[in-house]
Amino acid sequence: MKSIKNICCIGAGYVGGPTMSVIAKQCPDINVTVVDINEDRIAKWNSSNLDELPVYEPGLKEIVAESRGKNLFFSTEVDKAIDNSEIIFISVNTPTKTYGKGKGQAADLKYIELCARNIAKVAKTDKIVVEKSTLPVRTAEAIKSILDNTGNGVNFEILSNPEFLAEGTAIDDLLNADRVLIGGQDTPSGQEAKDALSSIYEHWLPKERILQTNVWSSELSKLVANAFLAQRVSSINAISALCEKTDANVQEVSRAIGYDSRIGSKFLSSSVGFGGSCFQKDILNLVYISRSFGLNEVADYWEQVIIMNDYQKRRFAENIITTLYNTVAGKKIIFYGWAFKKDTNDTRESAAIYVADALLDEKAELVIYDPKVSAETIYADLDYLNTRSPEENRKLLKICSDPIEASKDAHAIAILTEWDEFKAYDWSEIYNLMLKPAFIFDGRRLLDKDTMDAIGFKYYKIGQS
């Protein structure tokens with residue numbers, strides 16, 4: 001089996017940075033270099049102030065501090081890292097297409113292709129190229145076609161090694177993975193490549209947790225895993241709407257069905273809707289693939305998961321408007337949380353973005369607080385929607401650093417992220433600062449209804465009448 005001494009990862013984002021940091025920590029005999037053309041991002045990874053890392057994950061900065069400069073390096077010298085490595089991970093962004101064929105559903109693979117062409121140009125020795133980004137089925141085939149037609153006489157083995165990380169628990173997910181999936185060709189050289197990658201994970205994981213498949217099964221498994229998880233979230237959110245129309249409590253319903261061993265309790269927490277970089281993108285990808293093969297009923301089935309998620313966000317915003325006497329124009333509404341979930345600074349597809357957009361359309365005056373998300377990111381998220389001008393977004397929406405002070409003269413507070421610190425606030429003080437009646441719209445079911453009612457709030461909790 002080929003001895004691995006040097007690894008390169010192209011892409012220093014939410015997957016590449018944490019994954020390579022853990023590999024470096026667990027494999028001190030291997031040099032790991034994470035490269036990115038974004039100079040600012042690399043500078044943050046190399047910052048002496050570990051609180052400036054571009055990715056926030058509990059436990060990440062401690063791991064970076066332990067390995068950085070020893071066998072973990074962050075660099076903008078992409079070609080040099082490619083040339084020096086036996087294994088190259090591709091971990092670049094694969095957003096949903098916003099143009100042309102497949103717009104709104106298919107994955108945009110332009111960054112993947114650029115990586116493949118650059119590897120082909122630079123490589124002088126045989127390489128193992130690993131898909132780490134979430135990709136549609138048969139992408140490996142396209143990568144291999146590009147690499148095999150370079151004329152450099154270099155042999156490339158393409159592996160699929162999808163990530164199964166939940167943001168906020170990514171470090172633990174890496175250190176204690178349920179499984180690692182490695183897909184590759186069923187040829188002698190393909191098997192050798194799969195074994196070489198497996199040997200890296202075997203530094204800290206039992207071999208029986210490392211599953212080897214063909215490359216197509218590996219690519220599809222990631223999409224299906226996220227689709228199944230998102231389906232559960234949309235299912236319980238659909239029930240939350242029914243609970244609000246009856247005297248049922250969605251938490252009690254979730255607990256009751258979660259005790260069924262055939263169902264289990266995970267991903268049955270109702271909320272304002274799922275977000276993050278993977279769920280929506282992967283389901284849309286699955287929908288697009290199904291339609292491209294003429295499987296329209298399959299596509300319709302999975303598309304309904306997205307439709308339900310959009311409905312839940314829209315329903316939450318509409319409830320705020322309706323409850324505040326059918327108008328929020330000029331009313332001060334505080335958002336507690338902008339990240340799509342706690343313990344991450346990732347905001348991609350966060351429900352807060354779409355709820356804010358709906359309220360801004362109604363001329364609400366929003367004030368946003370999130371302990372880990374920057375003002376720059378919040379404004380960029382809204383500007384990306386292109387609903388209104390950047391100037392108007394900045395006029396109607398402000399960012400605050402003191403969530404208690406911000407509640408002064410507010411009409412309502414909406415909880416959009418389940419940060420633990422929100423539960424520890426002095427809610428009596430907040431109530432005294434707000435205009436009366438003081439409303440709370442709890443999109444994360446974070447607070448206790450009886451306590452909030454006793455303080456005097458008009459309190460609304462998803463999935464509970």
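Are any residues in the stretch 25-36 within 27 Å of Ser189 (Cβ to Cβ) and either touching a Leu at 6+ places or on another chain (Cβ under 9 Å) or surrounded by fewer than 23 Cβ atoms within 10 Å (Cβ to Cβ) (or both), and if so, which ones?
The initial filter retains those residues of the stretch 25-36 that are within 27 Å of Ser189 (Cβ to Cβ), namely 26-27, 29-35.
Scanning the stretch 25-36 gives Gln26, Cys27, Asp29, Ile30, Asn31, Val32, Thr33, Val34.
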Requested in this report: With respect to Tyr14, determine if the residue is closer than 19 Å to Cys278 by Cβ and surrounded by 22 or more Cβ atoms within 10 Å (Cβ to Cβ).
Outcome: yes
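What residue, of Val287, Val305, Val272, is modelled with pLDDT of 95 or more, surrounded by 22 or more Cβ atoms within 10 Å (Cβ to Cβ) and either of a type in the set (Ser, Thr, Tyr) or assigned to a helix (DSSP H, G or I) (or both)? Give the steps one after another, and end with the answer.
Details: Val287 fails: modelled with pLDDT of 95 or more; Val272 fails: either of a type in the set (Ser, Thr, Tyr) or assigned to a helix (DSSP H, G or I) (or both).
Going through Val287, Val305, Val272 in turn, just one is modelled with pLDDT of 95 or more, surrounded by 22 or more Cβ atoms within 10 Å (Cβ to Cβ) and either of a type in the set (Ser, Thr, Tyr) or assigned to a helix (DSSP H, G or I) (or both): Val305.
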Query raised in the report: Quick check, is Thr387 farther than 26 Å from Leu53 by Cα, within 26 Å of the chain's Cα centre (by Cα) and of a type in the set (Ser, Thr, Tyr)?
Result: yes
Query - Matching entry among Tyr354, Tyr379 (being touching a residue at least 12 places away in the same chain (Cβ under 8 Å), touching a Lys or Arg at 6+ places or on another chain (Cβ under 8 Å) and more than 15 Å from Gly275 (Cβ to Cβ)) - result: Tyr379
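Step by step: first the residues of the stretch 46-95, then only those that are of a type in the set (S, T, N, Q), in contact with a Ser or Thr (Cβ under 8 Å, 6 or more places away or on another chain) and modelled with pLDDT of 95 or more, then the one that is farthest from Ile30 (Cα to Cα). Which residue is that? Steps first, answer last, please.
Within the stretch 46-95, the first condition is being of a type in the set (S, T, N, Q), and the residues that meet it are 46-49, 67, 71, 75-76, 84-85, 91, 93-94.
Cutting the leftovers down to in contact with a Ser or Thr (Cβ under 8 Å, 6 or more places away or on another chain) gives us 67, 75, 84-85, 91, 93-94.
After this cut, where a residue has to be modelled with pLDDT of 95 or more as well, the list is 67, 75, 84-85.
Numbers: Ser67: 11, Ser75: 17, Asn84: 12, Ser85: 10 Å.
Step by step, filter the stretch 46-95, then rank; the result is Ser75.
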Report task. Test Ala107 against the stated conditions and say whether it is small (Gly, Ala, Ser) and either farther than 29 Å from Phe279 by Cβ or within 18 Å of the chain's Cα centre (by Cα) (or both). Result -> yes
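Which members of the stretch 65-78 meet the condition of being crowded, with 16+ Cβ neighbours inside 10 Å and either aromatic (Phe, Trp, Tyr) or in contact with a strand residue (DSSP E or B) (Cβ under 7 Å, 6 or more places away or on another chain) (or both)?
Going through the stretch 65-78, the residues crowded, with 16+ Cβ neighbours inside 10 Å turn out to be 67-68, 71-75, 78.
Scanning the stretch 65-78 gives Asn71, Leu72, Phe73, Phe74, Ser75, Val78.
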Report task. Considering only residues that are assigned to a loop (DSSP other than H, G, I, E, B), in contact with a helix residue (DSSP H, G or I) (Cβ under 7 Å, 6 or more places away or on another chain) and of a type in the set (S, T, N, Q), look in the stretch 25-78 and name the one that is nearest to Ala166 (Cα to Cα). Result -> Asn71
Query raised in the report: Within the stretch 445-465, which residues are within 29 Å of the chain's Cα centre (by Cα), touching a residue at least 60 places away in the same chain (Cβ under 8 Å) and surrounded by fewer than 23 Cβ atoms within 10 Å (Cβ to Cβ)?
Result: Arg445, Tyr460, Gln464
Report summary line: Restricting attention to the stretch 45-83, the residues that are farther than 16 Å from Tyr14 by Cα and touching a residue at least 60 places away in the same chain (Cβ under 8 Å) number exactly 3
Requested in this report: Sort through Val137, Val129 and tell me the only one that's under 17 Å from Ser91 (Cα atoms), at pLDDT 90 or above and not in a helix (DSSP H, G or I).
Outcome: Val129
Query raised in the report: For the stretch 279-320, what are the residues that are within 16 Å of Ala230 (Cα to Cα) and hydroxyl-bearing (Ser, Thr, Tyr)?
Result: Tyr301, Tyr311
Query raised in the report: Looking at Val22, is it assigned to a helix (DSSP H, G or I) and either crowded, with 18+ Cβ neighbours inside 10 Å or of a type in the set (Lys, Arg) (or both)?
Result: yes
Requested in this report: Give the stretch 308-324 a look and list any residue that's crowded, with 22+ Cβ neighbours inside 10 Å and of a type outside the set (A, V, I, L, M), or say none.
Outcome: Asn309, Gln312, Lys313, Phe316
Query raised in the report: Has the stretch 96-108 got any residue that is at pLDDT 80 or above and either assigned to a helix (DSSP H, G or I) or surrounded by 16 or more Cβ atoms within 10 Å (Cβ to Cβ) (or both)?
Result: no
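Would you confirm, using the coordinates I've provided, whether Thr187 is closer than 12 Å to Val215 by Cβ and touching a helix residue (DSSP H, G or I) at 6+ places or on another chain (Cβ under 7 Å)? Reasoning before the result, please.
Details: closer than 12 Å to Val215 by Cβ: yes; touching a helix residue (DSSP H, G or I) at 6+ places or on another chain (Cβ under 7 Å): no.
The answer is no for Thr187.
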**Report entry** In the stretch 247-304, the residues that are without any contact (Cβ under 8 Å) to a residue 12 or more places away in the chain and at positive phi
**Finding:** Gly264, Gly294
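The values are calculated or read from the model by the stated rules, or taken from the named source; none is laboratory data. Predicted, not measured: the structure shown is a model, and the values here were computed from it. Here Cβ is always computed from backbone atoms with ideal geometry, including for glycine, and neighbour counts include all displayed protein chains.
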